[in-house]
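K.L.:
If you scroll down you'll find the structure; I have some questions about it.
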Amino acid sequence: MQKQYRLLYDENLCIGCQACSIACRVENSVPDEVYRVQVHMQTMGIFPNLGMHYERLSCVMCENPPCVSVCPTNASFQSKDGLVHIDEKSCISCKYCILACPYHARFINPLKNVVEKCTFCYETRVSKELSPACVSICPTDALTFGDMRQSNSLVYQKSHKEVLLFPKAHLGTKPKVAFIPNRKGAKS
Amino acid sequence: MAYFQARRDFLKLATTGASATVVIPGSLGALGDVALRGEDKFIRSICEMCSSRCPMEARVVNGKTVLIQGNAFAKEMGTSLCAKGVAGASQLYDSQRLVKPLIRTGKRGENKWREASWDEALSLISTKLSALKERYGARSVIFSAKTGEQYDLLRSFASAFGSPNFENSTYILNFGHNLFEGLDIPLTKAMAHFSADPSKKLVVFDPRFSVMASKANEWHPIKAGSDLAFVLALLHVWIRDGKFDKKFIEQYTLGFDKLVESVKETTPQWQQSLTGIDAKVVERIAAEIYTSAPRCIIDWGHKATTTKAEFQRTRAILMANILMGNVEKEGGIYFAKTAERINALADERVAPELNDPYPRPRVNEPRIDGAGEEGMYRFVSRSHGVLQAIPDAILAQKPYEIKGWFLTRHNPLVTVAHPQKMKEAMEQLEFIVVNDVYLSDTAMMADVVLPEATYLERDEGISKSAFKTPTYMMRNRIVAPMHHTKSLIEVMRDLAERMGFGSHYAWKSIAELRAFQAKGDAELLQTLLMRGVASFDVPPLLALQPSSVERFCERYPKSSVLRDTQGVFSHFLRSLKTPSKKIEIFSAEVEKTFKGYGVPRSVDMDVTQGHPYVLTSGKSAVHTNGHTQNIPYLNMLLSTNPIWMHPSTAKAHGLKMGDTFYLQNAISKEKATVFITEGIRPDTLFAYMGFGRDAPQLKRTHGKGTNPSKLLSLESATLCGAMITNVGVTIVKA
């Protein structure tokens, strides 16, 4: 049975606390000074009319992934569930995929010298019916993960209730990560 | 190249590269690779990365990593945890962590050490402490732990009156209680859902555009320390218009007439020049809150709100809640429901009560910090104390001679006001012991440093955590202690034996301690071992909410006799710990010792002391006030603290982003760098706490950033002794 995974990021609930980033580091043994996920915050506007821009940066698991088509060794590939993965053994760290990724989500793991990125914690968690580490740890329930084919799932219900934005949708990459935009404060 | 390498300064603060590996004597790094001994199954315990103490669970994977998440047996937690909590593993096997006792070989503070065995260290401590006792009396040695800090003090003051019930509220007024950067998972989560709900209203007062402010419907950049003026103006408007819960005031309070008198002049116009907030805003907010009452919360102030009038501000906020009649009502504030309270109300044993495991002979010595004594800090709880009072007590040797200090895992040389003076006082002592995970700034001043087992390596007794229902928690060991670290309980119990008073304790081991506390209740112990938390099937009780009282009486029929004609437990609010047993709007006891403090009024709000700027300080979500800055995973996220400054202020002083300058006042002159942002009042500056460390053994933090405590005065808030964390400064060009 194929899955149609989706990760929802609600900017209204996110407080930029970086618990997701640390949970990811511990779960996936991400080396020091590189990140698979971060949340950036930026103050917008002129005092006292301000707003805070919250942006989650990670792999968005494109349905049409540019990183896969440029890979010369098929190390970057898409699974039957539509998730994008990297086969470490085939990766020759040519960095084509790093350049091709419009979301800047890939980097070289300095310890292994192979390309690395978010996997949705597929091997250690999602394949065992658990949520990715970032979703599970989030102190404010800002992340929701699940299968869009199941209409009783929280991710399905929230997706149908809220306004969704898909990052860089105009590129036609069809991300599996969607954002619920911030409703408060100055935007620019 | 790699995006995240280039943009890892996500908090918009410059960070420097990873520090080189340097081996520290007595540290884990000196021992090489170490495997973790623990099981690959979840063990439930209590976090200790900060003072919030959230329930968590952890498991060891491949003997290498400890995965930590929230303990979902605590319903309000789920699997959530903050960055600090998840980074517990990074502290556990930090190469800079201490694992062997150290004994000083150089001069005090010179940072020269030799490694020692536990036996040698403990026998030295017991000999020295016994000698001090012989020569100067037992009272000549101070024992202090983390609970002495201002946060707990403030919290204890507020929680004595009630916790906020965010979920069912519709309107919250928040004075600098920054739950989105000083996290306490259950409260933070409830607040996040509140602020994201379009049907609710959150109004935040803070001189800085905090994360909390960014989630508010309205942010008012109030002048630092003037929150009391705003609250007094609210009280004025409600009383002027007769818009408050008159029945509640009549039934449950005393001294309302004195409040009417004291807020007569505190008009919305009056507060304008003090707070910088328009009078019309006060009028509008007063009307909005009254409309949503009693489902409204005027939340306790915190940190950014401290002044000498801390006691007055907290009491004024309490009065605002009382006027709205939101006490013990759905969506308002409530008293913690301990097992003792619930059992008394139900008139049956609903939840088990615990034995107190620590012998506490009633000592008839005056306390050096004066907590609980007649005089300055008459109203400070004895279990909290006033750390800022210690240096003067040591230097003056009053009220009696102080010769020794035993500190456990707290770092007053970073987190308490005027550490320069604290250091001077420590130099006068004959013997200092510090029990800590790191060779901190404070540990550097010790004669003996004991390497403490981190919370992941410790079994401990049962702790209480009552909210709407009674709850118990227990810290269970996740991994075997690395090398030879020990817990404080083991150390103290061992010292008691060596010093000849071991017989005062009813227990020898942690297992015995737990059994003694639980009064042999095997079911309770079993639950706490398996689940880490024990809650009881008690319907949440709000004593003045008829529906809630009805549910409670149905379950516990004997409690019905306590129900009054209106169907509520009104006696609950008439059996308080005040002299009259009612809520005292005017306290004769306070007025007697501190004239003018018996009822909230406009006093002591100025924090500028004649300087053009106020320096405020606070937490970021990734660090505590002083403990986590050197922990690798967290240091990577935020490793220094440039001072927040408004562009117009920076321009006036000719400063550009990253420039160096000095902060100066009568206490000190401290070097700093500037971070320019629209997110702060032009007359205010802000620093994250915990940086500007002197300890060279904290390799990642040494010499980075500014320690704002070094500019703070030792003068505490009147009555409650809270540390005043806002201070006047002048900007001096470097």
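K.L.:
If you bin the C-alpha pair distances of segment B:183-282 every 5 Å from 0, what whole percents do you get?
P.N.:
Bin by bin from 0 Å, the calculated values are 2, 12, 17, 17, 16, 16, 14, 6, 0.
K.L.:
Residue farthest toward the positive end of the dipole of the protein assembly as shown, with Cβ of Lys/Arg at +1 and Asp/Glu at -1: which of B:F536, B:S547, A:V177?
P.N.:
A:V177
K.L.:
D for segment B:283-359, whole µm²/s, Stokes-Einstein with Kirkwood Rh over alpha-carbon pairs at 20 °C and 1.002 mPa s: what number?
P.N.:
For the chosen part, D equals 140 µm²/s.
K.L.:
Placing unit charges on C-beta atoms (Lys and Arg positive, Asp and Glu negative, everything else neutral), compute the dipole magnitude of the protein assembly as shown about its Cα centre in debye, rounded to 20.
P.N.:
Here the protein assembly as shown has a charge dipole of around 960 debye.
K.L.:
Taking a temperature of 25 °C and a viscosity of 0.890 mPa s, what whole-number D in µm²/s does Stokes-Einstein yield for segment B:467-624 with Rh from Kirkwood over alpha carbon pairs?
P.N.:
My calculation gives 110 µm²/s for D.
K.L.:
Nothing charged except the Cβ atoms of Lys and Arg (+1) and of Asp and Glu (-1): what's the magnitude of the dipole of segment A:58-108 about its Cα centre? Round to the nearest 20 debye.
P.N.:
So the magnitude is around 120 debye.
K.L.:
Find the centroid of the Cα atoms in segment A:1-80 and in segment B:267-318, then give the distance between the two in whole Å.
P.N.:
Segment A:1-80 and segment B:267-318 have Cα centres spaced 40 Å from each other.
K.L.:
Points 7 angstrom from Cα along the Cβ direction at B:D278 and B:T127: gap in nanometres?
P.N.:
7.4
K.L.:
Follow-up. Quick one: B:H653, A:H53, fewest Cβ neighbours within 10 Å first, how do they rank?
P.N.:
Taking fewest neighbouring Cβ atoms as first place, the list is B:H653, A:H53.
K.L.:
Right, something else. State whether segment B:613-733 is rounded, prolate or oblate according to the following rule on the C-alpha gyration tensor (a ≥ b ≥ c being the square roots of its eigenvalues): a/c under 1.5 gives rounded; otherwise a/b larger than b/c gives prolate, and the remaining case gives oblate.
P.N.:
Judged from the Cα gyration tensor, segment B:613-733 comes out oblate (a/c at least 1.5, b/c at or above a/b).
K.L.:
Then there is this: Relative to the longest principal axis of the C-alpha atoms of chain A, give the angle of the C-alpha long axis of helix A:19-28, reported between 0 and 90° and rounded to the nearest 10°.
P.N.:
Tilt relative to chain A: about 10 degrees.
K.L.:
I've got another one for you. With the Cα gyration tensor of segment B:165-334 giving a ≥ b ≥ c as the square roots of its eigenvalues, does the rule (a/c under 1.5 for rounded; else a/b larger than b/c for prolate; else oblate) give rounded, prolate or oblate?
P.N.:
Cα axes put segment B:165-334 in the oblate bin.
K.L.:
Could you work out the Kirkwood radius for segment A:125-188, taking every pair of different alpha carbons, averaging 1/r and inverting it, reported in Å?
P.N.:
13.6
K.L.:
Another one. Above 22 Å lies some portion of the pair distances; for segment A:1-126, what is it as a whole percent of all C-alpha pairs?
P.N.:
When all Cα pairs of segment A:1-126 are counted, 41 percent exceed 22 Å.
K.L.:
Which value results for Rg/Rh of chain B when Rg is the Cα radius of gyration and Rh the Kirkwood radius based on the inverse mean 1/r?
P.N.:
Here the Rg-to-Rh quotient is 0.95.
K.L.:
Going by amide H atoms built from the backbone, whose H comes under 5 Å of the H on B:T725, apart from near neighbours?
P.N.:
So B:T725 has HN proximity to B:T306.
K.L.:
For the protein assembly as shown, what does -39500 (n - 2.57) per DSSP helix run (n ≥ 4), summed and divided by total residues, give at 222 nm, in deg cm²/dmol to the nearest 500?
P.N.:
-7000 deg cm²/dmol
K.L.:
Mind checking which of B:A389, B:Y472, B:G461 is farthest towards the positive end of chain B's charge dipole, using Cβ charges of +1 (Lys, Arg) and -1 (Asp, Glu) about the Cα centre?
P.N.:
Checking the options against the dipole of chain B, the answer is B:A389.
K.L.:
Taking the Cα centre of each part, how many Å lie between segment B:544-588 and segment B:652-713?
P.N.:
Comparing the Cα centres of segment B:544-588 and segment B:652-713, I get a distance of 50 Å.
K.L.:
Same structure again: Antiparallel as a % of all DSSP beta bridges within chain B, to the nearest 5?
P.N.:
Roughly 50 percent of the beta bridges in chain B run antiparallel, per DSSP.
K.L.:
Okay, moving on. Which residues in segment B:297-326 place their backbone N less than 18 Å from a point set 7 Å from the Cα of B:E261 along the Cα-to-Cβ direction?
P.N.:
Once the point is set 7 Å along Cα→Cβ of B:E261, B:316 turn out to lie under 18 Å by backbone N, inside segment B:297-326.
K.L.:
Between B:S509 and B:R53, what length comes free when the chain is fully extended (0.36 nm per residue of separation minus the Cα-Cα distance, one decimal in nm)?
P.N.:
So the extension gain works out to 161.9 nm.
K.L.:
Amide H to amide H, which residues 5 or more places from B:I643 or on other chains are under 5 Å from it, using H placed in the peptide plane?
P.N.:
Here the answer is B:T673, B:V674, B:F675, since their amide H atoms fall under 5 Å of that of B:I643.
K.L.:
Using Cβ counts within 10 Å as a stand-in for footprinting exposure, how do B:I298, B:I342 rank, fewest first?
P.N.:
B:I342, B:I298
K.L.:
Then there is this: Separation between the A:S127 and B:D537 pseudo-spin-labels, each 7 Å from Cα along Cα→Cβ, expressed in nm?
P.N.:
4.1
K.L.:
While we're on this one: Name the residue from B:L637, B:A652, B:F686 whose Cα lies farthest towards the positive end of the charge dipole of segment B:613-733, charges +1 on Cβ of Lys and Arg and -1 on Cβ of Asp and Glu.
P.N.:
Sorting the options by dipole projection puts first B:L637.
K.L.:
Once you have a ≥ b ≥ c as the square roots of the Cα gyration tensor eigenvalues for the protein assembly as shown, tell me rounded if a/c is under 1.5, and otherwise prolate or oblate according to whether a/b is larger than b/c.
P.N.:
Rounded, because the longest to shortest axis ratio a/c is under 1.5.
K.L.:
Further, regarding this structure: Which lysines, on any chain, are close to B:K308 with Cα under 16 Å apart, when same-chain ones fewer than 8 places away are left out?
P.N.:
Partners found: B:K223, B:K595.
K.L.:
Determine the alpha carbon to alpha carbon distance for each of A:K187/B:K215; B:K41/B:K64; B:K403/B:K671 and list only those over 23 Å.
P.N.:
Listed pairs above 23 Å: B:K403/B:K671.
K.L.:
Would you mind calculating the gained length between B:D356 and B:A496 on full extension (0.36 nm times residue separation, minus the Cα-Cα distance), in nm to one decimal?
P.N.:
48.6 nm
K.L.:
Testing the spin-label approximation: label points 7 Å from Cα along Cα→Cβ at B:F73 and B:K581. State their distance in nm.
P.N.:
3.9
K.L.:
So if R0 is 30 Å, what FRET efficiency would B:K671 and B:Q609 give, r being the distance between their Cβ atoms, rounded to the nearest 0.05?
P.N.:
The formula returns an efficiency of 0.90 here.
Just so you know, all these numbers are worked out from the coordinates, no wet-lab data involved. The shown structure was predicted, so the numbers you read here are calculated from the model rather than taken from an experiment. With ideal geometry, Cβ positions are generated from the backbone for all residues, glycine too; neighbour counts draw on all protein chains shown.
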